[in-house]
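Below is one structure, written out as structure tokens; comments come after it.
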Amino acid sequence: MKRIGMLTSGGDCQALNATMRGVVKGLSHNLDDLEIYGFIEGYKGLIYGNYRLLTARDFSGILTRGGTIIGSSRQPFKLMRVPDANGLDKVKAMVSNYKKLRLDCLVVLGGNGSQKTANLLREVGLNIIHLPKTIDNDIFGTDLTFGYQSAIDIATNCIDCIHTTASSHGRVFIVEVMGHKVGWLTLSAGVASGADVILIPEIPYDLKKVCAAIDRRHTSGKKFTILAVAEGAIPKEIAKLEKKEQKKEMEKIARSYPSISYKLAADITAKTGYEVRVTVPGHVQRGGTPDPFDRVLSTKLGAYAAQLILQEEYGYMVAIVNNEVKKVKLQESAGKLKTVDPHDQTVELAKLIGISFGD
Ligand code: F6P
């Protein structure tokens, strides 16, 4: 008999349901008695004792379903130690609800922030298994996160579609790809779709270099240019500043433009005279059905999590390391970000074929 708590936390992504299904199928196939408590809207449900008692049947038929059947919400880690409006101690409340339900383990599907809270709950004595979710692929200690590949597919498809219209009209197009802090998604979708310029937070851009790349294409007879730009792309002169000043400058931009892409578009037009259009696929990148790669990944991660629970091994993130599913101690991963190395082989080889990173 096992009593398992489960929650999905933070921004959603395509393979949350597929991953939960893997966990539950792995457990129900090996246990006669299983109780699953699904906390509604992530940690919020655990804090306020809002849950649904679920059965294995609830997890059947959801392999291809996007979103999350138990809902999600953002509950910032930095506020976890701050009492709520009614003075409730959130950590104590989570521990108390876990104990009240006599859970054997809490399975957390979430990104970086959610992982930090998972680690905090481990530190206060709860049995935790973390499954790495995010389209950003920025969780330290795992080569891959589920949701990432499906988001690459969508962002790539979006840039592919822009390609045809950009070539018809001979325009410069910016496609803004999700990722405030890291550029994995922009890098992959940019290379996959043959973008001419890729701008990511890890490689601050020089406007002159970006314009020169566009000019080069035009003088070589190419009438259009596609830029894949991460939400967190940053101009070189701002990246040089102290963190506080940097923040101020970025806030200034945010007051004048909907996002960095619009500022970049205005700057390119001012400098070159080219007509620039911006497309922001936004949350579309997190929506819809998981692709086959993510379905396989999620099934493996979920099944491995079930195996850990059956063996009563807790305090781990289930990760992909060198193409294998592995367990990684939560404390070794929590609080660290996996960013793109500016000399990553993909970056270097992309440069070799002429893609500009604006540096
Ligand atoms: O962390 C995933 C992510 O999709 C980021 O890439 C994006 O910047 C952010 O979430 C958007 O957050 P929200 O859904 O809260 O608007």
Task: Close pairs (7 angstrom Cβ cut-off, 6 or more residues apart or separate chains): touching a residue at least 24 places away in the same chain (Cβ under 8 Å) in segment 1-27, more than 16 Å from the ligand (Cβ to nearest atom) and among the basic types (K, R) anywhere - done: R3/R102; A15/R295; N17/R65; A18/R295; L27/K2
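State yes or no: is G71 within 15 Å of the ligand (Cβ to nearest atom), part of a loop (DSSP other than H, G, I, E, B) and among the small types (G, A, S)? Can you show your working first?
Values: within 15 Å of the ligand (Cβ to nearest atom): yes; part of a loop (DSSP other than H, G, I, E, B): yes; among the small types (G, A, S): yes.
So G71 passes the test.
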- [ ] Considering each residue of segment 37-67, count those that are in contact with a helix residue (DSSP H, G or I) (Cβ under 9 Å, 6 or more places away or on another chain), of a type in the set (K, R) and outside any strand (DSSP E or B), and give that number.
- [x] 1
- [ ] Report yes if some residue within segment 68-81 is within 18 Å of the chain's Cα centre (by Cα), open to solvent by 20 Å² or more (accessible area, probe 1.4 Å) and under 16 Å from G302 (Cβ atoms); otherwise report no.
- [x] yes
Open item on the list: Exactly one of these conditions fails for D32: (1) farther than 20 Å from M317 by Cβ; (2) surrounded by 21 or more Cβ atoms within 10 Å (Cβ to Cβ); (3) among the acidic types (D, E). Give me its number.
Closed with: (2)
Open item on the list: Can you go through E123, E176 and tell me which one is of a type outside the set (A, V, I, L, M) and either at pLDDT below 95 or under 21 Å from G287 (Cβ atoms) (or both)?
Closed with: E176
- [ ] For segment 293-304, state whether one or more residues are surrounded by 15 or more Cβ atoms within 10 Å (Cβ to Cβ) and within 16 Å of the ligand (Cβ to nearest atom).
- [x] yes
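Sort through S193, S188 and tell me the only one that's open to solvent by less than 60 Å² (accessible area, probe 1.4 Å), in contact (Cβ under 8 Å) with a residue 12 or more places away in the chain and under 30 Å from M317 (Cβ atoms).
Numbers: S193 fails: under 30 Å from M317 (Cβ atoms).
None of the others qualify; the one that does is S188.
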Open item on the list: Can you list residue pairs whose Cβ atoms sit under 8 Å apart, with the first residue in segment 224-237 being within 8 Å of I200 (Cα to Cα) and the second being away from the ligand (no atom under 14 Å from the Cβ) and among the polar types (S, T, N, Q)? Count only pairs 6 or more apart in sequence or on different chains.
Closed with: I234/Q246
- [ ] For segment 5-22, state whether one or more residues are more than 16 Å from the ligand (Cβ to nearest atom), assigned to a strand (DSSP E or B), of a type in the set (A, V, I, L, M, F, W, C) and in contact with a Gly (Cβ under 7 Å, 6 or more places away or on another chain).
- [x] yes
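Out of segment 273-323, which residues are among the aromatic types (F, W, Y), touching a Lys or Arg at 6+ places or on another chain (Cβ under 9 Å) and under 20 Å from G22 (Cα atoms)? Give the steps one after another, and end with the answer.
Step one: filter segment 273-323 for residues among the aromatic types (F, W, Y), giving 274, 293, 304, 314, 316.
Among the residues that remain, those that are also touching a Lys or Arg at 6+ places or on another chain (Cβ under 9 Å) are: 274, 304, 314, 316.
Listed by number, the residues that qualify are Y304, Y314, Y316.
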Open item on the list: What's the total number of residues in segment 213-236 that are assigned to a helix (DSSP H, G or I), over 23 Å from D344 (Cβ atoms) and open to solvent by 10 Å² or more (accessible area, probe 1.4 Å)?
Closed with: 5
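Right, E324: within 27 Å of D153 (Cα to Cα), within 21 Å of the chain's Cα centre (by Cα) and open to solvent by 60 Å² or more (accessible area, probe 1.4 Å) or not?
On the way: within 27 Å of D153 (Cα to Cα): yes; within 21 Å of the chain's Cα centre (by Cα): yes; open to solvent by 60 Å² or more (accessible area, probe 1.4 Å): yes.
The answer is yes for E324.
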Task: Lone unmet requirement of (1) away from the ligand (no atom under 16 Å from the Cβ); (2) closer than 21 Å to H163 by Cα for P281 - done: (1)
- [ ] Go through segment 247-292 and count every residue that is open to solvent by 60 Å² or more (accessible area, probe 1.4 Å) and under 30 Å from T68 (Cα atoms).
- [x] 6
Task: Candidate set from segment 111-154 (those that are among the hydrophobic types (A, V, I, L, M, F, W, C) and open to solvent by 30 Å² or more (accessible area, probe 1.4 Å)); member that is farthest from the ligand (Cβ to nearest atom) - done: V124
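The values are calculated or read from the model by the stated rules, or taken from the named source; none is laboratory data. All figures in this text were calculated on a predicted structure; none of them were measured in a lab. Every residue, glycine as well, gets a Cβ built from its backbone with ideal geometry; the counts of neighbours run over all protein chains shown. Please note that ligands, DNA and RNA were not included when accessible areas were found on the heavy atoms of the full protein model with its side chains. Shrake-Rupley method; radii C 1.70, N 1.55, O 1.52, S 1.80 Å.
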